[in-house]
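Report on one structure; see the data block that follows.
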Amino acid sequence: MSGRVLVGVKRVIDYAVKIRVKPDNSGVVTDGVKHSMNPFCEIAVEEAVKLKEKKFIKEVVAVSCGPQQAQETIRTALAMGADRGIHVEVTGKDYDTLGPLQVSKIFAALAKKEDAQLLILGKQAIDDDCNQTGQMTAALLDWPQGTFASEVSLEGDKIKVVREIDGGLETIKINTPAVLTADLRLNTPRYATLPNIMKAKKKKIAQVKPADLGVDITSRLEVLRVDEPPQRLAGVTVETVDDLVAKLKESGTI
Amino acid sequence: MMTSSYRNQTHSGVAGRAQDVVHVPPPAVQSAVAHGVLSAFRSVCGEDGVSSGEAVREQHGRDESVHRCCPPDVVVFPRCVEEVSALAKICSRHSLPIIPFGTGTGLEGGVSAVKGGVCFSLRNMDQVLDLHQDDFDVTVEPGVTRKALNSYLRGTGLWFPVDPGADASLCGMAATSASGTNAVRYGTMRENVLNLEVVLADGRVLHTAGKGRRPRKTAAGYNLTNLLVGSEGTLGIITKTTLRLYGVPEATVAAVCSFPSVQAAVDSTVQVLQAGVPVARIEFLDDVMMDACNRFSSLSYAVSPSLFLEFHGAEGSLEEQVKAAEDITRYNGGSGFQWAKDAATRERLWKARHDAWYASLALRPGCKAYATDVCVPLSRLPQVLVETKEDLIESRLTGPIVGHVGDGNFHCLMVVDPDDPEELHRVHLFVERLARRALAMDGTCTGEHGVGLGKRALLREETGPVAVQVMQGVKDALDPRNLMNPGKILLPREL
């Protein structure tokens, strides 16, 4: 086993920012807005670094797909303890239409190229909430998957994963190589410290294009329109039950 | 419709303090508000920026203290300093009291609108501005809380360490000169505010260190920045604060140790500091508190005075710090010294300290808790703690003690039945004795929480008549008509 783990990290609008829809309803405003690493990707990086600290694996490689700014996200992963990075360059319209299917093809290609033992992703991104990339990548690679992981332990060449599911927790044991997706309670990501940020500046980030990996990133989806949720209207007080029934009938609710 | 019932009550809260007579709002307030000053407010901050709703006013008339809710007549929500200034000018023109409001997490009734008036809720001004990573400074608006700032900074390797417990507004923390468990290493707000943007009662905008300036030190003129820090909204409305940032610690170690006596714990603290160990947190829990924590969290710590320590530093240096501290505790008769480096074990070791408030409440379900707050020179701490514990027993009161012992600051968490006026009265007398005991030992009646409503008389005893006169002079210079948060810090002047 190569002892190499790939971690996918996505650059998204920071969770604390108030999202605004563009006036032409084509998307959300991203210019000048604070971006940071997707919170579930932070958890994925933390888990990979922990596995390395416990000596279960040898190398953590952080991967991000996007324009030049994606390198900032990779640098954050390097400051958290990843060893090197791979920046898959996707820009302009291609980046606007980049979605889980294309990203999973890219990750599958990289996983093979880097001879990865494990691929860890966040369970979903907070901008699109797709929750698809991990699953699609596993299918493309024909690897087992441990999704919504809240606990991961390596046992020889198998992995025990405790998964958060609707009814509670499910424990599975899967072979490696495998794909894991990190859920909220998997760990608490460390803050990058100044010395580690400085060390991260010296770590290498390789640049590749999707075409170099034989991946076609043409999108099959077209976003027609983006709207804000409807404004919540003020409530109406009614004095009697009869009034209530009348109003409900009036509005067609009953 | 103004409800005057609130304002005609006295503010006796859990501590049973009979406040000074509540000032009935001058007729100007009621008539001004009735006569359309509301439309002037709306033209400044929009239809949604003004609220006279009862629920909103009540929410803005209380904090986390024991003082009863004293709602303002109206709440305004400005979005920028220009709006704050315009609103202040309107209030000034109509002689309306102005009460700034951050997160409402204060502990001394600082937001009680004792004379009615206009609450300026600053929550919509919530931007982090001007982060300068290389200079270790950042400027924030009043709607930014300390947790929000640290989350914003999380990729930069920097943090703002002043931690008063609550997720408070940073400008509010500046207004109350907040402190916390980290003060022994990183200081309080006084040491960490570089500049403030303040709107005065007449609407003028003041930059205490000059607009946009952020040198790490200065000798330029009167220290207006620190005049405003701790002024609790009585001199102006803070609309921006420039803060000093620190590097996130590379590694953290937590430790716990128990002692045969309070003296032994405090001696250890003094010696750890004298030895130059840069301890980041050093917290004292008395035996009553340790017992409460054992019960609440199913722990098995020794039921005796204990210290909880935290060390921050580079990986290598921590071992030395911990060893030095351990030697000192052993020298003073300490036992059961445990320490941990990984987050999970540190969490477990410090659980007792983290749960202290809830553990205290759990001692007497159905009761409320009120935290006292005095601070004395370290050498006087053992004496004041021993006398205080004796007083608690004699007064038949429940008051587990937790203290930031590295600063000589401690809190008795008074657990009291809010429906028992006799017990409330005993608590009130105890708290006054405690404050006077601290003053008699060269200390202060408030280490962290501020003066607010309840400690105005004690402030006068503490600082003396000349200091009070000077403070009154400053207040008169900046706010001659006492519109800024009336009823706080200074007692009404004798005529």
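The values are calculated or read from the model by the stated rules, or taken from the named source; none is laboratory data. These numbers were taken from a predicted model, which means no experiment stands behind them. Positions of Cβ are generated from backbone atoms using ideal geometry, with glycine treated the same way; all protein chains shown enter the neighbour counts. Heads up: the accessible areas ignore ligands, DNA and RNA and are worked out on the full protein's heavy atoms, side chains in. Shrake-Rupley method; radii C 1.70, N 1.55, O 1.52, S 1.80 Å.
Here are a few things to note about the model shown:
- Test: A:Leu213 is touching a strand residue (DSSP E or B) at 6+ places or on another chain (Cβ under 9 Å), open to solvent by less than 50 Å² (accessible area, probe 1.4 Å) and at pLDDT 90 or above: yes
- Filtered residues of the stretch B:327-359 (kept if over 16 Å from B:Val279 (Cβ atoms) and basic (Lys, Arg)): B:Arg330, B:Arg348, B:Lys351
- Within the stretch A:171-185, tally of residues that are assigned to a strand (DSSP E or B) and surrounded by 14 or more Cβ atoms within 10 Å (Cβ to Cβ): 7
- Options A:Glu47, A:Glu59, A:Glu89: the member that is open to solvent by 10 Å² or more (accessible area, probe 1.4 Å), within 14 Å of another protein chain (Cβ to nearest Cβ) and within 26 Å of B:Arg154 (Cα to Cα): A:Glu47
- Within the stretch B:34-54, considering residues that are part of a helix (DSSP H, G or I) and touching a helix residue (DSSP H, G or I) at 6+ places or on another chain (Cβ under 8 Å), the one surrounded by the most Cβ atoms within 10 Å (Cβ to Cβ): B:Phe41
- Within the stretch A:6-44, the set of residues being buried (at least 18 other Cβ atoms within 10 Å of the Cβ) and of a type in the set (S, T, N, Q) comprises A:Ser36, A:Asn38.
- Qualifying residue in the stretch B:205-219 (condition: at pLDDT 95 or above, open to solvent by less than 10 Å² (accessible area, probe 1.4 Å) and either farther than 30 Å from B:Tyr358 by Cβ or away from chain A (no Cβ under 14 Å) (or both)): no
- Residue among A:Val60, A:Val49, A:Val88 that alone is assigned to a helix (DSSP H, G or I) and modelled with pLDDT of 95 or more: A:Val49
- Residue within the stretch B:85-93 that is over 30 Å from B:His428 (Cβ atoms), open to solvent by less than 20 Å² (accessible area, probe 1.4 Å), at pLDDT below 95 and assigned to a helix (DSSP H, G or I) present: no
- Hey, B:Thr239 assigned to a strand (DSSP E or B) and buried (at least 19 other Cβ atoms within 10 Å of the Cβ) or not: yes
- In the stretch A:154-205, residue nearest to the other protein chains (Cβ to nearest Cβ) [restricted to those that are in contact with a strand residue (DSSP E or B) (Cβ under 9 Å, 6 or more places away or on another chain) and of a type in the set (Lys, Arg)]: A:Arg185
- Note on the stretch B:248-272: residues that are assigned to a loop (DSSP other than H, G, I, E, B), more than 14 Å from chain A (Cβ to nearest Cβ) and open to solvent by 10 Å² or more (accessible area, probe 1.4 Å) total 2.
- When residues of the stretch B:144-186 are limited to those that are in contact with a strand residue (DSSP E or B) (Cβ under 7 Å, 6 or more places away or on another chain), part of a loop (DSSP other than H, G, I, E, B) and within 14 Å of another protein chain (Cβ to nearest Cβ), the one most open to solvent (accessible area, probe 1.4 Å): B:Asp167
- Residues in the stretch A:73-86 that are open to solvent by 40 Å² or more (accessible area, probe 1.4 Å) and out of contact with any strand residue (DSSP E or B) (no Cβ under 7 Å at 6 or more places or on another chain): A:Arg75 alone.
- Residue among B:Leu245, B:Leu228 that is within 18 Å of the chain's Cα centre (by Cα) and either crowded, with 19+ Cβ neighbours inside 10 Å or in contact (Cβ under 8 Å) with a residue 40 or more places away in the chain (or both): B:Leu228
- Out of A:Ala48, A:Ala62, A:Ala44, one residue alone is free of Cβ contacts under 8 Å to residues at least 60 places away in the same chain and touching a strand residue (DSSP E or B) at 6+ places or on another chain (Cβ under 7 Å). It is A:Ala62.
- The stretch A:186-210: number of residues that are assigned to a helix (DSSP H, G or I), open to solvent by less than 100 Å² (accessible area, probe 1.4 Å) and closer than 30 Å to B:Leu158 by Cβ: 6
- Among the candidates A:Gln117, A:Gln145, A:Gln135, the residue that is within 13 Å of the chain's Cα centre (by Cα) and closer than 26 Å to A:Glu170 by Cα is uniquely A:Gln135.
- Test for B:Val138: is it away from chain A (no Cβ under 12 Å), under 26 Å from B:Glu232 (Cβ atoms), open to solvent by less than 10 Å² (accessible area, probe 1.4 Å) and assigned to a strand (DSSP E or B): yes
- A:Asp94 falls short of the stated requirement of being open to solvent by 60 Å² or more (accessible area, probe 1.4 Å) and in a loop (DSSP other than H, G, I, E, B).
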